[in-house]
């Protein structure tokens with residue numbers, strides 16, 4: 001009895017499995033996979049290819065985009081396999097021996113294998129003829145690729161594709177966009193989907209839907225929608241009165257929002273520009289403000305730091321490769337190298353020239369001006385007259401957006417780094433023996449010498465420290481602009497302007513002056529233009545110094561000189 005029960009159970013299980021297989025077979029036969037559709041379209045007769053390609057619109061599969069992109073670029077081929085069948089294939093980008101390339105399967109992206117040897121099939125470009133395309137076929141491929149980007153794994157690619165679909169204003173894309181909106185998780189992409197849907201609905205036949213779309217785009221502060229509203233308001237015949245009023249209201253809301261965004265964006269750029277000025281001026285505040293040396297070569301010391309960063313980058317590229325994880329740490333290593341390099345050049349300059357020119361401002365000005373010209377020519381001989389390329393590490397690329405205000409990571413870094421440098425300089429000057437000696441020599445050099453302070457050593461270390469700060473400024477500036485031999489001359493005047501207007505030798509004054517000048521300059525440029533904005537800032541500084549010749553925070557000392 002038990003044996004019969006076991007046989008009955010086993011037979012029932014076989015019948016159920018067979019039924020499931022038979023039930024699934026017609027469905028799989030009736031619904032070919034996306035890749036089967038793709039391959040069928042690629043090898044179809046020319047008269048059938050357009051319809052076969054358009055059947056892929058909205059089909060989600062990772063193989064569709066690279067295959068159709070290669071086809072449109074003339075890089076898709078039909079290769080003959082060992083069994084005589086022809087299969088679509090792409091060629092690997094890197095050529096192998098004798099310029100031959102491996103054939104890659106459109107289906108899997110893996111190399112196609114020779115059945116006899118089991119090795120990958122290789123071809124030269126002149127052995128294969130690319131698949132032809134016609135104008136209708138290219139349009140069909142374009143339509144498929146536009147829609148395929150909506151399901152791309154990369155959120156940035158999805159967003160770009162969605163924005164293009166919205167700009168196309170094609171109503172047939174609405175079902176796809178609405179379906180995607182239900183499953184999309186990334187907030188920025190969801191916002192782009194809502195905007196694209198509303199943009200397409202501006203042409204809907206239902207007035208209520210059009211009004212809702214106008215309101216949605218106004219809430220999203222869409223600049224593309226603002227341009228569209230202006231077109232419609234200027235068109236003949238004009239839109240209905242209620243839609244015109246809604247568009248006018250939406251325009252005011254959008255333009256008001258972007259005025260606020262531009263103001264805060266300019267304010268942030270001004271603060272970051274002020275941070276760069278601060279880094280440049282800090283070293284000058286020590287060498288000129290505390291030591292009284294007019295160093296016209298200070299800008300070239302900054303260039304030393306920038307070129308040191310370039311050299312460190314080349315070393316990391318040779319060791320790790322461009323774009324590698326190790327390469328992303330090159331800038332961290334470049335900062336101390338830039339400081340030491342510029343400090344070393346500064347020490348050499350102080351020992352060879354500056355030490356003989358203390359309290360002789362005119363001679364020091366002329367001498368350091370000559371040194372700056374010599375250093376510029378040295379940079380041209382060593383690194384060439386053209387600007388050198390310094391790539392930012394990945395963690396300094398891109399930006400963060402808060403209420404549409406963009407905060408670039410490299411500018412945020414410079415802003416924070418400037419704060420750390422200011423704090424470090426304050427610690428050195430107020431909490432270290434060197435800082436005590438520097439302040440003593442600054443206030444009364446003769447008295448400090450009388451009590452045993454080696455003023456020559458203090459001068460040397462102070463000048464080297466200020467030069468090292470210039471090197472740090474050059475390293476940071478390399479992440480924001482071009483690095484070339486004449487880079488220092490573009491910033492030396494601004495640095496002196498910051499030191500004088502803030503108060504000679506006063507670190508707090510340099511901080512306030514640099515941030516103030518950078519911010520005012522950036523806020524005036526959109527209104528008056530770059531040239532007039534700069535002129536107005538310079539004119540305001542001249543008037544300010546007429547009122548307060550000592551700057552914001554005049555430095556007091558006990559010297560009787």
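Values quoted throughout were computed directly from the atomic coordinates according to the rules given, and no laboratory measurement underlies them. This one's a predicted model, so the numbers in the text were calculated from it and none came from an experiment. A quick note on method: Cβ atoms are made from the backbone with ideal geometry, for glycine too, and the neighbour counts reach across all protein chains shown.
Things to note:
- Rounded Å value of the spacing that divides the Cα centres of segment 517-534 and segment 280-340: 28
- Computed helical MRE - 222 nm, the chain, DSSP H runs ≥ 4 contributing -39500 (n - 2.57), nearest 500: -22000 deg cm²/dmol
- Stretchable slack from residue 253 to residue 543, in nm (0.36 nm times residue separation minus alpha-carbon distance): 100.4 nm
- The chain: angle of helix 135-148 to the longest principal axis, Cα-based, in degrees nearest 10: 70
- Computed over segment 152-239: relative contact order in percent, which uses C-alpha pairs under 8 Å that are six or more apart: 24
- Taking the average, over residues, of other Cβ atoms within 10 Å as the packing measure, peptides 205-211, 459-465 rank 459-465, 205-211 from highest down.
- Multiplying the residue separation of residue 36 and residue 348 by 0.36 nm and subtracting their alpha-carbon distance yields 105.1 nm.
- Shape of segment 149-190, Cα gyration tensor, a/c cut at 1.5: oblate
- Cα-based helix-to-principal-axis angle, 223-234 vs the chain, degrees rounded to 10: 80
- Separation of alpha-carbon centers, segment 166-235 and segment 445-482, rounded to whole Å: 59
- Given the choices (i) 16, 32, 29, 18, 5, 1, 0; (ii) 22, 55, 22, 1; (iii) 19, 47, 25, 8, 2, 0, P(r) over Cα pairs in 20 Å bins from 0, in percent derived from the coordinates of this structure is entry (i).
- The chain, relative contact order in percent, only Cα pairs under 8 angstrom and at least six apart counted: 14
- The alpha carbon gyration tensor of segment 279-487 gives principal lengths a ≥ b ≥ c with a/c of 1.5 or higher and a/b greater than b/c, which makes the shape prolate.
- Relative to the dominant Cα principal axis of the chain, helix 530-547 is inclined by about 30°.
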